[in-house]
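Report on one structure; see the data block that follows.
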Amino acid sequence: MFRRLATALVVLGLAAGCAADEEADVTATSDDTAASEDAGAAEATTETEGADGDDAMEAEGGSDADEGSVTITLVTHDSFATSEGIFDSFTAETGIEVEVISGGDAGELVSRAVLAAGAPEGDVLFGVDNTFLQRALDGDVFEAHESPMLASVPDELELDPEHRVTPIDVGDVCVNYVIGDGPQPASIDDLTDPEFAAAFVTENPESSSPGFAFLLATIATYGDDWETYWTELAEGGVTVTAGWSEAYYGEFVSGGGAKTIVTSYATSPVAEVIFADPPVDTAPTAVLTDSCFRQIEFAGVLAGTDHPAEAGLLVDFLLSETFQADIPLNMFVAPANADVALPDDFVTHGTEIAEPLTLSPAEIEANRLAWTDRWTEIVLR
Amino acid sequence: MNLAGAVRRRSARASVGVGLLGLAPATFLGVFVVWPLVAILARNLADVGWRQAFDVVTSDATRSILTFTVGQALASTALTLVLGGLVAHTLASWRFPGRAVLRAFSVVPFVLPTVVVAAAFDSVLPTGLGAVLAAHVFFNLAVVVRVVGGFWATLDRRPLEAARVLGASPWQAFRTVTLPRLAPAVASAGVVVFLFCFTSFGVILILGGPTRATLETEIYRRAVFRGEFDIAAVLAVVQVVAVVVLAALSSWLQRRAAVPDRGAATPPRVRGASARLQVAGAVAVVAVVQGVPVASLIARSLRTGDGWGLANYRRLTEPVQLLPVTAAEALVTSLRFAVAAAVIAAVLGGLAALAITTGGRLGRGLEALALVPLGVSAVTLGFGYLVAFAAFDLRRSLWLVPCAHAVVGFPFVLASLVPARRAIDPRLRAAAATLGASPITVARTVDWPLLRRPLATGAGFAAAISIGEFGATSFLARGASGFTAPLAIFRLLSQPGDLLRGQAMALSVVVGLVVGVLALVLERSRSANGVAGSAL
């Protein structure tokens, strides 16, 4: 019954959409012209996109193309970014097509995967990090795949001995501060000083991934005394925002705010140089190296895939030199493959975090609710 | 066989036919609302006992969240109705230069991403209830201006003038003559605004401050951060029950208040000091509530590394490392989805409006059901799609996106169309039928000319809903060919750097501009249309 209804609706929708398509092209073209002041370029863009869009509209799914070639779907979060055509060499080598679908942040990605466990949205998942890893493992989201590429990955990044997930990249959440403006902290300890706390903006651990990572950093640093640390931060007047954007763009100096210390990433100073306008030679910000909590992002073969072998090959490719070298400038994290060098900008403007803070995924999952409930009581009252 | 009997039989047959038309929208809502909700709630409530559900619902935390959710939504709705009503009244009463621009501009905020708008509010107002209310009025003013204003313009002005001639004060005349006739449109716009604020997410999270929570933010926090799918599901049931009760209440109110009206001519040109003052007041409301934040956004978009200029706009057509397509291409994708969503919402909403106003149980059910997607949390519905559509792999179909947008746009079509159709004097239709017109001819010659404009308003909102990516679609995974402008703005704001921020602001302005221009074009095409234009 539902199947029939759904089919009828899809047909109806397709009909409506086809009727609308011509209209869409006309509208789009005129709007683009108005918007971009470059009629020629806009026209060309519209036409190419129009053709692509039509194909995509009709493609519908696609992992079951019958022409002998297999399409593997990579499910990921909204922050996944690569250079164009990054999978071309993989397809040329293996004959496997890759389709990337993304939606939501890392937390939503894991929730989706857990809800869809057994009937996955795709074949490979990329983007679960160590703070959510245990939930995904408990939810039987992945099946084991031991990648031969692991030989090039440092042991401390491999958190699942059963190889259900494979480490792909490494990033650190660190406290950032503006060089030469406001109080200059030298250590995570300094922040509880009211002068520093009042200039500090961080994110709510329940709604923000870096916010949660910084809470974990304080727990890893101070053990049971983390509550005292946060009590002092709160008394000193620390500001809490819902997410990273509100902190960095709303409250922090870089975005026009008044705060000079912010919870962000170890690579934020690098992005400050690369995306500066006008261009700058050195980063205006620096990181507190002893405040950095390590986030490792993993990929894994989704349990229930029809193509486990091909899915495994894609995981291997994610650790290949081609893909790993593409990671830093697109996602602003470091490659997990130790044989791949960092780009110059990262070496020049980035800070190597030699001893990042960590907690085991099992410990994080077991205490997540208790820690954040306590944090809420202390900081938000 | 007498003539009256024949007419009755014919119209009875016609209403059965119209009732059947309701099957298509009922099926659509069944597939895209009821089924996913049942699927996700059944899955996540499976292990929840009555005792546990009762404890969650009656806990102090839930009670305080419910109180704040309903309280802020009521306050936001009241404010929006008063300020929007003021603007709607002026637009319905007078013609003045810039009237079309004012109407069109009111829609612009509707499609601006919350993250971007919040920054503008954040710099003026401290986080808290005040900022939340201001932002809700900013976003929703257009709903009242267009739904109530559009309806107001069609009211017969003669009873009001008669009351004034007979000595009623302006306020008395408004209260006793105009307000009762406006009630269906006010109720209809009010419910939509209320539900929008009831399920408000980004505004609460960003502007409410870290201690404020609504049912919507709480369901998200429970489901996504804490992984407590069961508690989230219990709260989602509370939300669904609240929405269905509200929808039933609003439908009853509207049916009771509906009065047939005869339609008015174009309002007179503005004259006299008090009329000019009214116009100035309406312009001031829009300028302060909506104009200031938009102006600050435009200013940010023009800010470049070496001063001011259009560099951020020029960069929209260039590839950026962080985006799978250029910002301009993402905008085109948004527009394609918007057209598809608007067509689906207009066709199915139009059929539903016919079924609802013809009466019958299906119609009443549709009216309540249509509001559910507006009042149910996006995460619940989004995860519902994931679970429900797993069997057919509809999950990855790009068609799911405009369909999910149309589900949210649907109530706007109804809000605009249902009061308008109820206001058509049934005697007009009866007279046409008596004179031998077939039901189709009646629909074409009586209903269509009077309903075209409200339908366009509703479809416009559905398109805006789609461009703004409201609702559950942010929980659906999609490929680069489904990458839209709001996703591009979000992505641009995910790394530090003035270059990225400038582009995000410029793209937001372009999205708003496109919607404003579309609204203006619709506006123009209507007033250019001689006979129908004057009849509306």
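Laboratory data are not the source of any read-out in this text; all were calculated from the coordinates shown. Model, not experiment: these values are computed from the prediction. Cβ placement follows ideal geometry from the backbone for every residue including glycine, while neighbour counts extend to all protein chains displayed.
Annotations for the structure displayed:
- Think of it as helices only: each DSSP H run of n ≥ 4 in chain B is worth -39500 (n - 2.57), and spread over all residues that comes to -22500 deg cm²/dmol at 222 nm.
- Residue order, fewest to most surrounding Cβ atoms within 10 angstrom, among A:CYS292, A:CYS174: A:CYS292, A:CYS174
- From the C-alpha gyration tensor of the stretch A:193-338, square roots of 5λ in Å: 33, 21, 13
- Electrostatic bookkeeping for A:LEU359 treats Lys and Arg as +1 and Asp and Glu as -1; over the other residues with beta carbon under 11 Å from its beta carbon, the sum is 0.
- Charge tally for B:MET505 (other residues, Cβ to Cβ under 11 Å; Lys, Arg +1; Asp, Glu -1): +2.
- Positive-end residue, the stretch B:268-398 charge dipole about Cα centroid, Cβ charges, pick of B:GLN290, B:LEU374, B:ALA341: B:GLN290
- Given in Å, the Rg to one decimal and the Dmax to the nearest whole number for the Cα atoms of the protein assembly as shown are 28.2, 98.
- Cα centroid separation, the stretch B:187-208 to the stretch B:297-368 (Å): 19
- Protection-proxy order for peptides A:208-220, A:260-272, B:153-165, B:278-290, each taking the mean of Cβ atoms within 10 Å per residue, highest first: A:260-272, A:208-220, B:278-290, B:153-165
- Low-density loop positions, chymotrypsin sites (Phe, Trp or Tyr not before Pro), the stretch B:221-309 - DSSP coil, at most 13 other Cβ in 10 Å: none
- All Cα pairs of the stretch B:159-246, percent lying beyond 17 Å: 64
- Length-normalised contact order of the stretch A:187-245 in % [C-alpha pairs under 8 Å, at least 6 apart]: 51
- Kirkwood Rh (inverse of mean 1/r, distinct Cα pairs), the stretch B:100-202, angstrom: 15.8
- Taken about its Cα centre, the protein assembly as shown carries a charge dipole of about 9340 debye when Lys and Arg each add +1 at the Cβ and Asp and Glu each add -1 at the Cβ.
- Chain B: radius of gyration and largest Cα-Cα distance (Dmax), Å: 23.6, 86
- When the stretch B:333-461 is described by a simple charge dipole with +1 on each Lys and Arg Cβ and -1 on each Asp and Glu Cβ, the residue from B:PRO449, B:CYS403, B:LEU414 located farthest towards its positive end is B:PRO449.
- Within the shell of other residues whose beta carbon sits under 13 angstrom from the beta carbon of A:HIS77, the net charge comes to -4, with Lys and Arg scored +1 and Asp and Glu -1.
- B:ILE298-B:ALA275 FRET efficiency (beta carbon distance; Förster radius 30 Å; 0.05 resolution): 0.45
- In the protein assembly as shown, a dipole from Cβ-located charges (positive for Lys and Arg, negative for Asp and Glu) runs towards its positive end, and of A:LEU115, B:PHE198, A:GLN134 it is B:PHE198 whose Cα lies farthest in that direction.
- Looking at the stretch B:302-361, none of the trypsin sites (Lys or Arg not before Pro) sits in a DSSP loop with at most 11 other Cβ atoms within 10 Å of its own Cβ.
- Reported to the nearest whole Å, the Cα centre-to-centre distance from the stretch A:220-264 to the stretch A:302-381 is 22.
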